[in-house]
Amino acid sequence: MIEQLNEHFANFDFDVRKSKDARFMDQKVTPDVLCIMADCVLNYTADRDIEFTKDDIWNDSYFNTNVKAIFNKPDAKNETTRQEYDKFTSQPLRTLAYSGVLTMRKEGNKNLYHITNKPILEFIAMKERNAYLFLYHYLIKVLSDSNELRYFEEFKSKCVNGSVDNADFQDLKTRFQRFIIGNTAINGTTEVNRIFPKILNVYACQNNIQGTVKGRLSANQFYYTDLMYNRPNWRDVGKNKNISRNEAVEEHETLMMAQNEAYSDYQVQKAMNMIRKMYTESEIKDQWANGEATQIHHIFPKSAFPQLAHYLENLIKLTPTQHYTKAHPSNKTDAINKDYQLVCLLAKSDSIENSLRKGEFIYRKESFVYVINTGLSETLEIDLDFRDIKRELSRIYNAA
């Protein structure tokens, strides 16, 4: 999908010196907020070719239900909370508009938005990791077009060779302040200083270098989990800094699901809805595949593996007969037919391989291996090809 992102960005000139628009990025534009806002836009428009405002989104019951529960915010329909939600809704929409994923036009004092690149919006809405990847590549394009990327690269070089200090950080920050104040309507450093960390820290996270915390150079490299608006309470869970970025992604999702039941329910339902839309027929072509495929089955059950419940790679579309007769013997939803679990995994492997071969961005082979390793307590390597994965699955189940 990175290639598709860059192909999209290549159609635009994001030079802030020309646009004079400082709202290409803003304080509330974090991966988790951008992800849920993209999902809310898709839910509100529901395949309709319509324009919408930020008010349309925050007045929608889907937004109110999920944002209120996940981000511990007050009721969105209460007039006294309007200021609370204004930046939360408007800033991500402005970023999506600047990036060309949406278009924006003025009508009176309202901004009217319209979806122009639905595949990318769907990519962002799918998971926070996708929103993070979108932000990184988008910000690189903005900085490059604006001739500012070179200063971030100089800062990175000093971080990598261990010579960076607070003076280098302050120099980068001051350059960015002068750039924004000199080219946009912002005329003071206070507002710039709210935007700068959101840019630097995404860049820092992707490049494994130091970022900024509370206006200062961070003591250590910046981490994926620290980018989030809705960060887990590390005082309760203990933060592990000795992990890779990909492991941090998995850790963040697991911790969020453990801490917030509403977040877990939202992620699982979103994933199930995606699988439901993707396939018109059962993913397993056996003698029980006749009939309408209406069931979304957790290959490794949600009750036993809640950390896998929202993984698309753990979900498969089945017919009612396949679901309630084969996957769950005698319609006992708490029981799993191990033989048919293997059938599900082999079929899911084919679905994932076919999707990736088409260049789609729905699945990740690494996530499928993670699902298998977690569900079966195995240690399969992520560099296995799909033929080897299926061979290993057959070996594991035949040995059981």
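Across region 124-130, computed HN-Hα scalar couplings (Karplus, 6.51 cos²θ - 1.76 cosθ + 1.60, θ = phi - 60°) run 5, 6, 5, 7, 4, 4, 5 Hz from first to last residue, x flagging Gly and Pro.
For region 40-190, the gyration tensor built on C-alpha atoms gives a prolate shape. Its axis ratio a/c (a ≥ b ≥ c) is at least 1.5, and a/b is the larger of a/b and b/c. Placing unit charges on the Cβ atoms of the charged side chains and taking the dipole of the chain about its Cα centre, the candidate lying farthest along the positive direction among Gln91, Ala10, Thr333 is Gln91. Counting only residues at least eight positions apart within a chain, or on another chain, the aspartates and glutamates with an alpha carbon under 15 Å from that of Lys285 are Asp350. If the segment from Ser163 to Gln83 were pulled out straight at 0.36 nm per residue, it would be longer than the present Cα-Cα gap by 24.5 nm.
Each of Thr190, Thr30, Thr174 has its accessible area taken with a 1.4 Å probe; listed largest first, they run Thr190, Thr174, Thr30. Using a probe of 1.4 Å on the protein chains alone, the accessible area found for Trp288 is around 80 Å². Placing pseudo-labels 7 Å out from each Cα toward the beta carbon at Asp265 and Ala335 gives an inter-label distance of 2.9 nm.
Within region 272-303, the GluC sites (Glu not before Pro) that combine a DSSP coil assignment with at most 10 other C-beta atoms in a 10 angstrom radius are Glu292. About its Cα centre, the chain has a charge dipole of approximately 700 debye under the convention of +1 per Lys or Arg Cβ and -1 per Asp or Glu Cβ, with nothing else charged. Shape of region 273-355 from the C-alpha gyration tensor: rounded (a/c under 1.5, with a ≥ b ≥ c the square roots of its eigenvalues). Put simply, the amide H of Leu102, placed in the peptide plane, has neighbours under 5 Å in Ala97, Thr116, leaving out anything fewer than 5 places away on its chain. Summary value for the chain: 14 percent relative contact order, contacts being C-alpha pairs under 8 angstrom separated by 6+ residues. Rounded to the nearest 0.05, the FRET efficiency derived from the C-beta distance between Arg175 and Ile382 at R0 = 25 Å is 0.05. Amide hydrogen proximity for Tyr279: with H placed 1.01 Å from N in the peptide plane, no residue at 5 or more positions away or on another chain lies under 5 Å.
Can you give me the long-range amide H partners of Gln221? Hydrogens built in the peptide plane at 1.01 Å from N, cutoff under 5 Å, separation of 5 or more residues or another chain. For Gln221, whose amide H was placed from the backbone, there are no distant partners under 5 Å. Each listed q (0.08, 0.09, 0.13 Å⁻¹) maps to a log10 I(q)/I(0) for the chain from the Debye sum over equal C-alpha point scatterers, namely -0.48, -0.60, -1.18. Couplings 3J(HN,Hα) for region 47-53, derived from phi with the Karplus relation 6.51 cos²θ - 1.76 cosθ + 1.60 (θ = phi - 60°), are 6, 8, 8, 10, 8, 8, 10 Hz, where x marks Gly and Pro. A Gaussian network model of the chain, with springs between Cα atoms under 10 Å, assigns the largest mean-square fluctuation among Pro31, Pro320, Pro329 to Pro329.
By accessible area, using a 1.4 Å probe on protein heavy atoms only, the chain has 45% of its surface on carbon and sulfur. Relative to the Cα centre, the charge distribution of region 85-210, modelled as +1 at Lys and Arg Cβ and -1 at Asp and Glu Cβ, gives a dipole magnitude of about 320 debye.
3J(HN,Hα) along region 144-155: 5, 4, 8, 6, 10, 4, 4, 6, 5, 5, 5, 4 Hz, from the Karplus curve 6.51 cos²θ - 1.76 cosθ + 1.60 with θ = phi - 60°, whole Hz, x for Gly and Pro.
The values are calculated or read from the model by the stated rules, or taken from the named source; none is laboratory data. Computed from a prediction, not measured in an experiment: that's the story for all the values here. All Cβ positions, even for glycine, are placed from backbone atoms using ideal geometry, and neighbour counts span all protein chains on display. Side chains are part of the model used for accessible areas, which takes the heavy atoms of the whole protein and leaves out ligands, DNA and RNA. Shrake-Rupley method; radii C 1.70, N 1.55, O 1.52, S 1.80 Å.
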